[in-house]
Amino acid sequence: MNPDQVICGRMYVGGELRYTEVAVTDGKITEVGKYVAGGEERIELGTSITVLPGFMDPHVHMRDPGLTHKEDFPTGTTAAACGGVTCVLDMPNTKPPVTDVQTLMDKKRILSGRAFVDYGVFAAVTPNCPVNLLAHHVPAFKMFMGSTTGNILMNDDAEIEPVMEEIARTGKVLSVHAEDDNLIAHGVQENCCQDHLRNRPVEAEYSALRRLARYRDRVKINICHCTNAEQIRQATELGFTTEVTMHHLTFDALSNTSAFYKTNPPVRDKATRDGLFQAFREGRITMFGTDHAPHTYEEKTQEFDSAPGGIPGVETTMPMVMEMVRDGTIPLQLAVRMGAENPCDRFSVNKGRIAVGNDADFLFFDMRKVSTIDQRKLHSKAGFNPYHGRRAVFPDTVIIRGQVQVKDGEFCGEPLGRDICG
């Protein structure tokens, strides 16, 4: 069969950059080699272009439905595409929260035909939730052991244990907001990020891990938004996978004090931040998960105590990571492993590598094109971005299942996004 496209250039294949030709047929990669014959369309790329697999973000809050003044699927997935993310996994703390089959299917209907990247929809673990029925329709489950936006708290071991047994039988991953709510100070006035840090101590994260340890051999547990190196060490020893956000790698509570940096779990002190960054550079963290959590400018400029927690990141994280590659902070292999290979492997998504049988998701980067993040040019509804002014390398071209969604750095796509559990 003559392929629809043959893309030829310097590609990341098998752990290294080398000249490769890739055949694409019906949105799938059908051949990878030094030479591929035919092709209705042949795309010959110069040596200045680096071709990577599309990135995946396993942790976003697109706010759709119910909170769409903050974000919706069209704006959030446009932002994802422009940041090189070709698949997102959306969290369940929307309004209403996704805790039953009817709500899940209603949400899927609302999202259908409105996404510019592929997506999956999580369900939240709650007491007596129908795990077996939900499992057929979700890539994974989410459990909130600590209070956060859209309170779906699940922090009672007597309620957690029976649900864990059901999840184990499904074989699905459980992503956990691992802060023990018993150790979070509630109702205590906060005026800055240091107060927020005081009220949500790191011990809450360690306690949550100790309580999850009993399930290490039965449930595939993924620890979200890790904030410190010791947490990474403990989670890894338990056999759990780990996510890290750009905000926990970048900000600290003393230097970044306003509600624009308020998030759950909190940004911590500088020494903790630096230790986390070292763990990241040494390759000890499994994957990036942006915890993209947009709010409006008006919401974030309220008094600190009233302002909601959350930071947008789906459009800026991987471009900032690519700038770290360009300046030599991290190797390209680490960026691709954490941004594409590991999240796709963990959540069983047929993407993340330029390999036969995978979706034809590609990113074209010109690593000479360094830009400065301008929050006025980003695509999220969030009226702010804490990375404004930082350096980044955005993709020139983004292709999802063989179709161009971003060209010459500008969004040009159509709502082709598919539910990966559809």
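Cα centroid separation, the stretch 212-287 to the stretch 105-136: 26 Å. Among the trypsin sites (Lys or Arg not before Pro) found in the stretch 124-217, those both in a DSSP coil and sparsely packed, with 16 or fewer other Cβ atoms within 10 Å of their Cβ, are Arg216.
Estimated at 0.36 nm per residue, the fully extended path between Asn128 and Arg211 surpasses their Cα-Cα distance by 27.9 nm.
What is the angle, in °, between the Cα long axis of helix 73-82 and the longest principal axis of the Cα atoms in the chain? Nearest 10 is fine, range 0 to 90. The answer is roughly 60 degrees. In the chain, the DSSP-assigned H stretches of four residues or longer account for a calculated mean residue ellipticity at 222 nm of -7000 deg cm²/dmol, using -39500 (n - 2.57) per stretch and the full residue count as denominator. Computed from Cα positions, the angle between helix 157-170 and the longest principal axis of the chain comes to roughly 20 degrees. Using the Karplus relation 6.51 cos²θ - 1.76 cosθ + 1.60 with θ = phi - 60°, the per-residue 3J(HN,Hα) values for the stretch 176-187 come to 10, 7, 9, 10, 6, 5, 5, 9, 8, 7, 9, x Hz, with x marking Gly and Pro. With the simple spin-label model, which puts each label point 7 Å out from Cα in the Cβ direction, the Glu16 to Arg390 separation comes to 3.2 nm. Mark the label point 7 Å from the Cα of Gln194 along Cα→Cβ and return the residues of the stretch 291-311 whose backbone N is within less than 20 Å of it. Residues passing the 20 Å test: 303-307. Across the chain, C-alpha contacts under 8 Å between residues 6 or more apart give a mean separation that, scaled by the residue count, equals a relative contact order of 21 percent. If you take percent of Cα pairs over 31 Å apart from the coordinates, which of [x] 39; [y] 45; [z] 35 do you get? Checking each listed value against the structure points to [z]. The simple spin-label model puts a point 7 Å past each Cα toward its Cβ; for Leu254 and Asn182 those points are separated by 3.2 nm. Taking a sphere under 15 Å around the Cβ of Lys300 and counting the other residues whose Cβ falls inside, with K and R at +1 and D and E at -1, yields a net charge of -2. For the stretch 35-50, backbone phi angles converted through the Karplus equation (6.51, -1.76, 1.60; θ = phi - 60°) give residue-by-residue couplings of 8, 10, 7, x, x, 4, 9, 10, 9, 9, 9, x, 6, 7, 9, 9 Hz, Gly and Pro being listed as x. If R0 is 25 Å, the Cβ-Cβ spacing of Ala168 and Lys95 corresponds to a FRET efficiency of close to 0.25. Cα centroid separation, the stretch 159-197 to the stretch 12-79: 33 Å.
Mind checking the stretch 1-96 for chymotrypsin sites (Phe, Trp or Tyr not before Pro) that DSSP puts in a loop (not H, G, I, E or B) and that have at most 15 other Cβ atoms within 10 Å? Provide the component values of the computation, followed by the final result.
Values: sites: Tyr12, Tyr19, Tyr35, Phe55; in loops: Tyr35.
Here the chymotrypsin sites (Phe, Trp or Tyr not before Pro) that fit, given the DSSP loop and packing criteria, are Tyr35.
A short reminder: the numbers here are calculations on the coordinates, not readings from a lab. Only a predicted model underlies this, so the values are computations on that prediction, with no experimental measurement involved. Cβ coordinates were reconstructed from backbone atoms using ideal geometry, including for glycine residues, and neighbour counts include every protein chain displayed.
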